[in-house]
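S.K.: Take a look at the following structure, please.
No value in this document is a laboratory result; all are computed from the given coordinates. Keep in mind that this is a model prediction, so the values were computed, not measured. Virtual Cβ from ideal backbone geometry, glycine too; neighbours counted across all protein chains shown.
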Amino acid sequence: MFSINLVILIPFIVAALLPFSFRRFKKNHLGWFVLIVPTVLFVLLARLIPSVADGKTYIHTYEWIPTLDFNFTTYLDGLSMIFALLITGVGSLVILYSIFYLSSKESLQHFYCYLLLFMGAMLGVVFSDNLMVLYVFWELTSVSSFLLIAFWNHRQGSRQGAQKAMLITVSGGIAMLVGFIMLHTMTGSFSIREIIASVSEISDHALFLPAMILILLGAFTKSAQFPFHIWLPDAMEAPTPVSAYLHSATMVKAGIYLVARFTPVFGADEVWFWVVSIVGMITLFWGSFNAVRQTDLKALLAFSTVSQLGLIMSLLGLGSIALQFGYSADSVLYTQATFAALFHLINHSTFKGALFMVVGILDHELGTRDIRRLGGLMALMPFTFTVALIGSLSMAGLPPFNGFLSKEMFFAATVHIMEVDIFSLTSFGIIFPVVAWIASVLTFVYCMIIVFKVFLGKPQPEKLDKPIHEAPIGMLISPMILGALVVGIFFFPNLLGQYILQPAMGSIYPTFGDSAYLTPKISAWHGVKPELLMTIGVIIIGALLYKYLKLWKPFVYGFFPSIFTFNSLYNNLLASSVRNSNIVTNRYMNGLLRHYLVYIFVFFIVTVGSYLLYSRAFSFDISTNASFRVYEVCLVAIMAAAAVSMLFAKSRITATLLNGVLGYSIAIFFVLFRAPDLALTQLVVESVTTALFLLAFSHLPDWKKENLQTRTKLINGIVSVAVGLIVVLIGLSVVDFNQFDSISSYFEDAYELAGGANIVNAILGDFRGFDTMLEVVVLFIAGLGVYSMIKLRTKKEDENIEDQ
Amino acid sequence: METLIIMLIGILVAVATYLILSRNIIRIILGTAVFSHAVHLLILTMGGLKQGNVPLLKEANAPYTDALPQALILTAIVISFAVTAFILVLAYRIYQDIGTDDLDELRGAKDE
């Protein structure tokens, strides 16, 4: 019995092995070896489809940090099954395609290593039941996406696109993490299943709404929802297989997955319904609106992906309304929106994957993907054209392709939602079908652009660097398989519905009982209903709009000046944050050592001092003190006077001698305090130090009077006095501390244990012999340093080299 | 006695801090020297003062004063001597190569 945990780990293991073993595959393309991984995983998972369709789920737990409730728990149910099949299935096709797309001269080991890293991370996201583990995998997908976008890192565009994608998705991920922690605070669990089970207890909690918004932020940034969609078009700098895989079929759907997974938790709340469906609707419109104006085919597909992701997101939002009403015949109707979302999710992966691969073929074979330079390719690239036609028409929502079915269901869902009695204004509900319809018209227009502008019309070989020719068969296999799926799903949609979608519906609506009731029968023809009329309207108006594109396009798109885009907002934000952090950092990291020291001392004063106050640790007891004599007090007074007068010493000799006074007085104290070894050492060291100071003075300039500002002097004074005060307070508190027994009595057996009568010597030379040895090493290193600084000098030539 | 010594330590620390905050390298080095004096006294005081006889087993009778702080201080004296010597030579070398003993002038490029 294989466990799902292994499915996640296998791509990571192979990714880790690749850098070491890729030399063995010099003769063949590395991709053939890598292809095995997703294919095997796909077959393994596909074998579980029947049992998952029967409602079985698989849970495996490896305890990781049980005390913190972090466990590597995997959970395979209908919802994760859809995504896992997409990840491994599309993954296999993309790797097959990439074998012909990328030449062996590229650093393939890196490419496939990142790709497998992504695959493992993405499987981890959809299979993890533990939120913390899910979060780690979630960020790993961002990291691998960053690496893949920047695969051609000699291009500036790639690097900037990668940075943008990383910054936006990771900031969303951090918001999501905070949301997860809030969920844990509310429910006491990191397990999604347990959180879903305890959802009724938390819906009134004060953190419920913040947690929802934060998790949605994570989902929206990842799934490129408005206004975070700006990273996706820039991510198209990645090699086309990556765009097809990460940025249309899988990674951008992680946000969709998250929303679907958390629908049972948050879906019953009205805010969830509004936020998810409105954001989805705006994204749907904005994406399709921007796609029409693009001249780069890949940018067009990027905006179209944004738009389609918005469509799926809004459907999930619309479907969540069913949870507000609980299970009833009416609310089952609303769940069809969620069903349509899952259905369109699969359809989108098939037709958009095919289209991306077609664009990759054009880019690879003809050297351009600019619509203005292409045209009339139909006769010369018949296979590519066929796939492109299938993909575009499916995206436009025409029969006999799978996009037609899910688009119709989408229209139906927006019409149903008008009937829900939650709108304060009755006419407000009309906004859903209207926006959906307008966006679909625009979708139709850009699909026509792909078909007509690129493949029909007059060929323009003079604008191309390479002669027009059909792609090699290897590059065509993957898009053709996807194209066949597009058609196949249209004819047998209920097979998909029953085996794949139905168990997922059960995961999203766990309280609704048998998921068979939630699975509508998908049919292409269901009589003349509003959705059919809407489709016909889309075709008519879309065709008209396409025909007169030249008339309205410059007018409409010239309307918005480019300064007010979210892209320029992002760029300004990035530039100004770099500039401002430079200013701020330069303000305190100003190169003046004195300031740094002040920071350190102030930190010491504030943290230690405030904790001392806060914990009431200060205690003061004079009764345990040893007695003192008059001459001891005199000695203390001498030392204090010497120390203070050091501050006012006019010459450095005076200051050094005063330091000597301190040192010798301490030696006397050592005698008084029964420490003869210390006294001897102190006397010797103090003499040598003083001599050393005097020696150094003959090489150093005379002591100038320091012209410090009064303010600086004042700050220095306050800081110094405060540090002294804190030390006194700590000293007074600690001197009576007797919570632990002293270990010193152990050393009083020094004669028996070490054969030495002088305890101090025995400690240094025997008990802590290693410490003493290392102390000697320190002395030795200091000696080396002193020697080399006096004797060694860089030659003039070396300095010049450094200056260059 | 302990309280008195701790007060003295406070004065020494304050003086050392003030010296370390100045611009002249020599003053800073003197500051570190004073600092180490203060710390040595502090360690010794924390072990308790005049609690017994000299920790020489053959020469004196129990109770002995705590020997562990003394061993620590002995190490510390030697290390602080090494450090003082090192930074003194560092100051010498800096003056030789750059021609100043003022830290503000050693700061380097303005807009770094």
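S.K.: Mind checking B:46-52 for the average number of partner chain beta-carbons within 10 Å of each residue's beta-carbon? Provide the component values of the computation, followed by the final result.
M.R.: Working: counts 5, 5, 9, 10, 8, 4, 2.
Per residue, the number of nearby Cβ atoms from other chains is 6 on average.
S.K.: Work through the residues other than A:Thr295 whose Cβ is under 10 Å from its Cβ and net out their charges, Lys, Arg +1 and Asp, Glu -1. List each step's numbers first, then the result.
M.R.: Values: positive: A:Arg293, A:Arg369, A:Arg372, A:Arg373, A:Lys453; negative: A:Asp296, A:Asp370.
My count for the surroundings of A:Thr295 gives +3.
S.K.: What's the longest uninterrupted piece of chain A once you rule out the trypsin sites (Lys or Arg not before Pro) that are loop residues per DSSP with at most 13 other Cβ within 10 Å? Walk me through the intermediate numbers first.
M.R.: On the way: sites that count: A:Lys26, A:Lys27, A:Arg47, A:Lys56, A:Lys105, A:Arg155, A:Lys521, A:Arg616, A:Arg629, A:Lys650, A:Lys704, A:Lys705, A:Arg793, A:Lys795.
Formally, the longest exposed-site-free interval is A:156-520.
S.K.: Same structure, new question: Test of understanding: given chain B, find the longest segment containing no trypsin sites (Lys or Arg not before Pro) that are in a DSSP loop and have at most 13 other Cβ atoms within 10 Å. List each step's numbers first, then the result.
M.R.: Values: sites that count: B:Lys58, B:Lys110.
With trypsin sites (Lys or Arg not before Pro) excluded where exposed in loops, chain B gives B:1-57 as its longest stretch.
S.K.: Pulled fully out, how much extra length does the chain show between A:Lys463 and A:Arg373, if you take 0.36 nm times their separation in residues and subtract their Cα-Cα distance?
M.R.: Extra length available between A:Lys463 and A:Arg373 comes to 31.8 nm.
S.K.: Looking only at other chains, what is the average number of their beta-carbon atoms within 10 angstrom of each beta-carbon in A:332-345? Walk me through the numbers on the way to the answer.
M.R.: Working: counts 0, 0, 0, 0, 0, 0, 0, 0, 0, 0, 0, 0, 0, 0.
Counting Cβ atoms of other protein chains within 10 Å of each residue's Cβ and averaging gives 0.
S.K.: Putting +1 on Lys and Arg Cβ atoms and -1 on Asp and Glu Cβ atoms, find which of A:Val661, A:Leu108, A:Ser581 reaches farthest to the positive end of the dipole of chain A.
M.R.: Going by the charge dipole, the pick is A:Leu108.
S.K.: Pick out the long, greasy-scoring helices in chain B: whole DSSP H runs spanning 30 Å or more along their own axis by Cα, mean Kyte-Doolittle at least 1.0. If you can, show how the numbers build up before the last one.
M.R.: Numbers: long enough: B:25-46 (31 Å, 1.86); B:68-98 (44 Å, 1.67).
Qualifying helices, which must be both long enough and hydrophobic enough, are B:25-46, B:68-98.
S.K.: Determine the alpha carbon to alpha carbon distance for each of A:Lys164/A:Lys253; A:Lys56/A:Lys521; A:Lys164/A:Lys547 and list only those over 28 Å.
M.R.: Numbers: A:Lys164/A:Lys253 18 Å; A:Lys56/A:Lys521 22 Å; A:Lys164/A:Lys547 36 Å.
Where the Cα-Cα span goes over 28 Å, the pairs concerned are A:Lys164/A:Lys547.
S.K.: Against the longest principal axis of chain A, how steep is helix A:30-46, in degrees 0 to 90 to the nearest 10, with axes from Cα atoms?
M.R.: On a 0 to 90 degree scale, this one is about 70.
S.K.: Fewest to most neighbouring Cβ within 10 Å: what's the order for A:Thr681, B:Thr17? Present the calculation step by step, with values, prior to reporting the outcome.
M.R.: Working: A:Thr681 19, B:Thr17 26.
Ranked by crowding around the Cβ, least crowded first: A:Thr681, B:Thr17.
S.K.: Report, in debye and to the nearest 20, how large the dipole of chain A comes out about its Cα centre when Lys and Arg carry +1 and Asp and Glu carry -1 on their Cβ. Walk me through the numbers before you get to the answer.
M.R.: Details: 47 positive and 46 negative charges, 638 e Å.
Result for chain A is approximately 3060 debye, rounded to the nearest 20.
S.K.: Measure nothing fancy, just the Cα-based angle from helix A:131-149's long axis to the longest principal axis of chain A, in degrees from 0 to 90, nearest 10.
M.R.: 80 degrees
S.K.: Summing Lys, Arg as +1 and Asp, Glu as -1, what charge do residues with Cβ under 13 Å from the Cβ of B:Met1 carry, B:Met1 excluded?
M.R.: Numbers: positive: A:Arg629, A:Arg674, B:Lys50; negative: A:Glu632, B:Glu2.
Around B:Met1, the charge tally is +1.
S.K.: Pull up all non-local amide H partners of A:Thr73: gap of 5 or more, or a different chain, and H-to-H distance under 5 Å with H placed in the peptide plane.
M.R.: Amide H neighbours of A:Thr73, under 5 Å, 5+ apart: A:Tyr62, A:Asp129, A:Asn130.
S.K.: Quick check: residue separation of A:Arg23 and A:Ser645 times 0.36 nm, minus the Cα distance between them. What number comes out in nm? Intermediate values should be presented prior to the final figure.
M.R.: Details: separation 622, 0.36 × 622 = 223.92 nm, distance 7.38 nm.
Answer, rounded to one decimal: 216.5 nm.
S.K.: Could you calculate the contour length gain from A:Trp525 to A:Ser742, that is, 0.36 nm times the residue separation minus the distance between their Cα atoms, to one decimal place in nm?
M.R.: Numbers: separation 217, 0.36 × 217 = 78.12 nm, distance 8.99 nm.
Length difference between fully extended and current span is 69.1 nm.
S.K.: How crowded by other chains is A:656-668, given as the mean number of beta carbons from other chains within 10 Å of each beta carbon?
M.R.: On the way: counts 4, 0, 3, 7, 1, 0, 8, 6, 0, 3, 10, 0, 0.
Neighbouring Cβ atoms belonging to other protein chains average 3 per residue here.
S.K.: Taking a point 7 angstrom from the Cα of A:Asp766 along the C-beta vector, which residues in the range B:43-64 have backbone N less than 14 Å away?
M.R.: Only B:56-58 pass the distance filter.
S.K.: Taking R0 as 41 Å, what's the FRET efficiency between A:His154 and A:Thr585 from their Cβ-Cβ distance, rounded to 0.05?
M.R.: Details: r = 30 Å, r/R0 = 0.73.
Calculated value: 0.85.
S.K.: Return the distance in nm (one decimal) between the two label points of a simple spin-label model at A:Thr185 and A:Leu44, each offset 7 Å from Cα along Cα→Cβ.
M.R.: According to this spin-label approximation, the distance is 3.9 nm.
S.K.: Roughly what would the spin-label model give for B:Lys58 and A:Val143, points 7 Å off Cα along C-beta, in nm?
M.R.: For the pair B:Lys58/A:Val143, the computed spacing is 6.4 nm.
S.K.: Which residues among the range A:720-742 fall inside the zone where the amide N is under 20 Å from a point 7 Å beyond the Cα of A:Leu613, along Cα→Cβ?
M.R.: Label zone hits: A:720-734.
S.K.: If you don't mind, there's one more thing I want to ask. Helix A:676-697: angle to the longest alpha-carbon principal axis of chain A, degrees 0 to 90, nearest 10?
M.R.: Tilt of helix A:676-697: around 80 degrees.
S.K.: Once R0 is set to 41 Å, what does the formula 1/(1 + (r/R0)^6) return for the Cβ-Cβ distance between A:Ser576 and A:Ile600, expressed as a FRET efficiency to the nearest 0.05? Write out the running numbers ahead of the final one.
M.R.: Working: r = 31 Å, r/R0 = 0.75.
FRET efficiency, A:Ser576 to A:Ile600: 0.85.
S.K.: Based on the Cβ-Cβ distance of A:Arg293 and A:Thr57, what FRET efficiency does E = 1/(1 + (r/R0)^6) give at R0 = 35 Å, to the nearest 0.05?
M.R.: Details: r = 46 Å, r/R0 = 1.31.
The pair A:Arg293/A:Thr57 has a calculated efficiency of 0.15.
S.K.: Return the sequence-ordered ³J(HN,Hα) values of the range A:455-468 in whole Hz as given by the Karplus equation 6.51 cos²θ - 1.76 cosθ + 1.60 applied to θ = phi - 60°, using x for Gly and Pro.
M.R.: 9, 9, x, 8, x, 10, x, 5, 8, 9, 7, 10, x, 6
S.K.: At q = 0.06, 0.07, 0.09 Å⁻¹, what log₁₀ I(q)/I(0) does the protein assembly as shown have when each alpha carbon counts as one equal point scatterer in the Debye sum?
M.R.: Those come out to -0.63, -0.76, -0.92, one per q.
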